[in-house]
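None of the figures in this text is laboratory data; all of them are computed from the coordinates on show. Owing to the predicted nature of the structure, the values given are computational and were not obtained by experimental measurement. Methodologically, a virtual Cβ is constructed for each residue, glycine included, from the backbone with ideal geometry; neighbour enumeration extends over all protein chains shown.
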Amino acid sequence: MHALVYRNRFEAQAMIHTHALYATTISCLKEKLPAIDYLLAYSGGPNVKCAKYATYGTHELAENALEAMKGRKAVLLANHGINVFGGNLCEAFDISEQPEFCARLYWQTKSVGNPVILPEEAMNRMVERFEGYGQ
Ligand SMILES: [Zn+2]
């Protein structure tokens, strides 16, 4: 799964796969993680998609994850966890914290009401800002 990302996304120099609790919770809904907070833009897109379920360790799961990761640096793996990549390990770690934070916000807001999702245009502006941040 990691090798397929490295071969297909030249900007991926480090990848992290976790079973982070809240991201995995949302992955069990087989829904994308929507823009509940602007920090989700660290993931490289307006949301984090959920890859179709496949058995762990299979080429099918790797293909599903790569497909759902198009235009993004993160992907939920249905009923499993999350993958994130960055230009180096520190960046990948920093990016990995944001979808987990946002997944927790999403879960918490859904438990008390209807979360208000940020518009895609606003998220795309944040993605551009984060791409140039610190340079
Ligand atoms: Zn796993």
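For the reader, a short list of remarks on this structure follows.
- About its Cα centre, the dipole of the chain is roughly 240 debye, where the only charges are +1 on Lys and Arg Cβ and -1 on Asp and Glu Cβ.
- Evaluated on the range 33-84, the Kirkwood hydrodynamic radius is 11.0 Å, with distances taken between all distinct Cα atoms.
- Note: the chain, Cα convex hull, 91 Å³ per residue.
- Taking each residue as 0.36 nm, the span from residue 117 to residue 10 lengthens on full extension beyond its C-alpha to C-alpha distance by 35.4 nm.
- Highest-first packing order for the peptide set 91-103, 37-49 is 37-49, 91-103, based on the mean count of other beta carbon atoms within 10 Å.
- The packing ranking of peptides 62-69, 12-19, highest mean first, is 62-69, 12-19, where packing means the average number of other beta carbon atoms within 10 angstrom of each residue.
- Extreme residue, positive dipole direction of the range 67-135, given options 89, 122, 103 (C-beta unit charges): 103
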